[in-house]
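The values are calculated or read from the model by the stated rules, or taken from the named source; none is laboratory data. Treat the numbers as computed from the prediction; the structure is a model and nothing was measured. No Cβ is skipped: glycine too gets one built from the backbone with ideal geometry, and neighbour counts run over all protein chains shown.
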Amino acid sequence: MNETTASVRRGKRSAGQGLLEFALILPLLLLIIMAIIDFGWIFLVYANVFNASREGVRYGVTRPRDYFGIDSSARSRIAIVPSDDVNISTWYDHGPDEATAWFTDTNTVQIGDRVVVDVQYTVMPITPLMQPILGDLNLHARAARTIQNLGDAVSLPPPGSGGPPGGDAGDGGVTTTATATSDGTTTPSATPEGSPTPTPDGTTTSTSTPFPTGSPTPTPLPIVIADPLTHGDMTVEGDAQPGKWVTMRDIQSGVIMEVEVGQDGNFIFELDDPLVGGHTVVVQGYGQQDTAVVEGGTPTATPTSTPSPTPTPATAFIVVSPECAGAGQRTITVYGYNMPTSGAQLHHWGVYWDYGGSGQQYASVAPGSTTIQQAFNVNLAWGTYTVRIQAEKSNGGLSSAPDTQLTYEFESPCSVSLPNLQVTGLALQEPVTGTNQSVYLDVGISNVGTADVTTLFWVDLFADPDMETSLDQQVSVDWVALNGLSAGATLTFTMYYLPGFDSLGDHTLVAMADTWNQIIEFEEEDNVSELVTLTLTQDNPTPTPVPTVTGTPPAPGGFSGTVYVDGFPQLGADVYIYDLTGRLVASTRSGMNGAYLVDDLMPGEYVIVGQMRMGNQLYRSQATSTVPDGTVVTGVDLMLVEL
């Protein structure tokens, strides 16, 4: 081999070695290049998110009560990603040492509080190679600043505005995380009154609309249900103030519907299921209310229904309804059956309540019928009362007629096992000191009796009630339907008065369990809570309307399925739909072949409860399911089992 040939071979080996080394290092080089590109992209997005939180806080320091302006200011700084995909949450606190005591009510903001803006965005690497390595990263920037003045613009946060998603930043601090999550806020489509207007020099000026002095508000028209309501009707109609919204409740079935009153002053509720005889229908709104009882059909049994005696022709006997009761004001009805219609010296029947006692009441009933009836209004204390029917002469003396003396020992309280509902807690969730400030309360309902409540009942909240008038004759500001409560159990939930009170001074709130007296209780007079008193000292302006969010709203969906009892489809079972806060949002009944359908629910998760009574036995079941956007979920079957 000559020298030239060897040199050529060495050159080929060197070129091949270079190609091999380049092939080995190329993947690592590409990985580094892609990592540089992706980390540069992520850092650029984070810088944008970081800047947005700072800009939102900078605006909020000088105009903290312009809630939407803060959101808009932060969102306007989002430039390199779609702003609608960025979650921006705004809230307030009293300083870094009290960061957990956050709030969103702009009416309660004070100088010295902090405004906090939290911005989050989930970013995805842009190179395919890094996507499986890094995954989705949640960029999170939070800024806080101390409020220096209150400004002059007020815009309220939308319902459900998110609070702190966790963690805290010091005054002006920013934190980042790759795992934290946050509740988002709704971006308004229109700029609210009082928002800043850019000027040529780059500064901002605000133009706020002063609150006008209103003229006296005319007295609204009363709500009047068009009578009569009849068993089987598919509508509830009536008259009310034009343009107002009114709500209908079927007390026994739990159906809730809302409609706007037409400009002709007429409202009409189109029902999914026919009215049932004996049910109570309530229509209320804007501080007015009317009630009506559905006529016809088979009336719903009540605790004081007329008893059906077992015939015993030869012997007179006495029945008292109710058979026993707890302390308080009661109507006690005394029945005499198989009573003689004539006899020696029988002039009339003397009917006595608390015969021989300090609370004795007397009534005279003429003979002529084998059944007599007399009602007494009494004030019960604990003890035993003697009920008596006796034949009397014209002068009141005892007659010698047969069956001249019938007696019954009435007990208070009842010795039988009964439930007993009480409002065991009513407390503000946070202090309220200003007018037009929403009021949120924790409410506790307990069954302190010895028997379960197995049917639906209502809890109502009343604002500034007249405690000298029965609460079921007054308009409640919030209500929650509860589907049963076990003996000894307590249930806690939230009730609220969103508009708040519109005048300074003292105001009261009270809650009442079993408002419509649907549950037979051991004690009927302890269903009302203690009064909660608020003293309002800060006169807040009437809030401006929240701008309407444009865009396509989510389409309603629902559930459908079949109700079964012992494996067989069951007609006429009650189906109740609750949201995750425990509020009843819809109800219906199963139809032929046990089928049911509820198709007017917003997307979200719900609890579906089915129940029905067969004889003295209660059958019940429940399921949890989610309604997607615009979809009726099929096959949500309920297998009722005996309790």
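Return the residue satisfying two criteria in turn: it lies in region 408-444 and is small (Gly, Ala, Ser) and in a loop (DSSP other than H, G, I, E, B), and of such residues it is nearest to Ala316 (Cα to Cα). By that ranking, first place goes to Ser415. For Pro541, are the conditions met, namely being closer than 28 Å to Asn447 by Cβ, more than 19 Å from the chain's Cα centre (by Cα) and of a type outside the set (A, V, I, L, M, F, W, C)? For Pro541, the condition - closer than 28 Å to Asn447 by Cβ, more than 19 Å from the chain's Cα centre (by Cα) and of a type outside the set (A, V, I, L, M, F, W, C) - is not met. Entry remark, region 572-601: residues being loosely packed, with under 15 Cβ neighbours inside 10 Å and more than 24 Å from Val276 (Cα to Cα) number 2 in total.
Can you pull out every residue in region 220-235 that is under 14 Å from Gln289 (Cα atoms) and either free of Cβ contacts under 8 Å to residues at least 24 places away in the same chain or not in a loop (DSSP other than H, G, I, E, B) (or both)?
Start the filter on region 220-235 by keeping residues that are under 14 Å from Gln289 (Cα atoms), which leaves 220-226.
Result: Val224, Ile225, Ala226.
Criterion applied to Asp152, Asp183, Asp168, Asp113 was being modelled with pLDDT under 75 and out of contact with any Pro (no Cβ under 7 Å at 6 or more places or on another chain), and the one residue passing it is Asp152.
Given the criteria at pLDDT below 85 and farther than 30 Å from Gly326 by Cα, does Thr537 qualify? Don't jump to the end; show me each part of the working.
Values: at pLDDT below 85: no; farther than 30 Å from Gly326 by Cα: yes.
It is false that Thr537 is at pLDDT below 85 and farther than 30 Å from Gly326 by Cα.
Taking Gln570, is it under 19 Å from Ala481 (Cβ atoms) and either polar (S, T, N, Q) or in the same structural domain as Val255 (by TED's automatic domain parsing) (or both)? Answer is no for this residue. Entry remark, region 58-85: residues being in contact with a helix residue (DSSP H, G or I) (Cβ under 8 Å, 6 or more places away or on another chain), hydrophobic (A, V, I, L, M, F, W, C) and closer than 19 Å to Val115 by Cβ number 3 in total. Of note, Ala327 satisfies the criterion of being of a type outside the set (Asp, Glu), surrounded by fewer than 18 Cβ atoms within 10 Å (Cβ to Cβ), at pLDDT 60 or above and closer than 25 Å to Asp526 by Cα. Of all residues in region 115-128, one or more are in contact with a strand residue (DSSP E or B) (Cβ under 6 Å, 6 or more places away or on another chain) and closer than 30 Å to Pro27 by Cα.
Could you tell me whether Leu638 is farther than 16 Å from Ser560 by Cα and in contact with a Ser or Thr (Cβ under 8 Å, 6 or more places away or on another chain)? Let's see the steps before the verdict.
On the way: farther than 16 Å from Ser560 by Cα: no; in contact with a Ser or Thr (Cβ under 8 Å, 6 or more places away or on another chain): yes.
Criteria not met by Leu638.
I want to confirm something. Restricting to region 393-407 and keeping residues that are part of a strand (DSSP E or B) and within 13 Å of Gly336 (Cβ to Cβ), which single residue is modelled with the lowest pLDDT?
Going residue by residue through region 393-407, those that are part of a strand (DSSP E or B) are 398, 405-407.
Next cut, within 13 Å of Gly336 (Cβ to Cβ) only: 405-407.
Numbers: Gln405: 83, Leu406: 88, Thr407: 89.
Restricting to residues being part of a strand (DSSP E or B) and within 13 Å of Gly336 (Cβ to Cβ), the top hit is Gln405.
If you filter region 502-519 down to residues that are buried (at least 20 other Cβ atoms within 10 Å of the Cβ) and more than 20 Å from the chain's Cα centre (by Cα), you find that the one that is farthest from Phe457 (Cα to Cα) is His507. Among the numbered conditions (1) crowded, with 20+ Cβ neighbours inside 10 Å; (2) under 25 Å from Val282 (Cα atoms); (3) of a type in the set (Val, Ile, Thr), the only one that Thr455 does not meet is (1). Of these, Ser470, Ser417, which one is without any contact (Cβ under 8 Å) to a residue 40 or more places away in the chain and closer than 24 Å to Ile223 by Cα? Going through Ser470, Ser417 in turn, just one is without any contact (Cβ under 8 Å) to a residue 40 or more places away in the chain and closer than 24 Å to Ile223 by Cα: Ser470.
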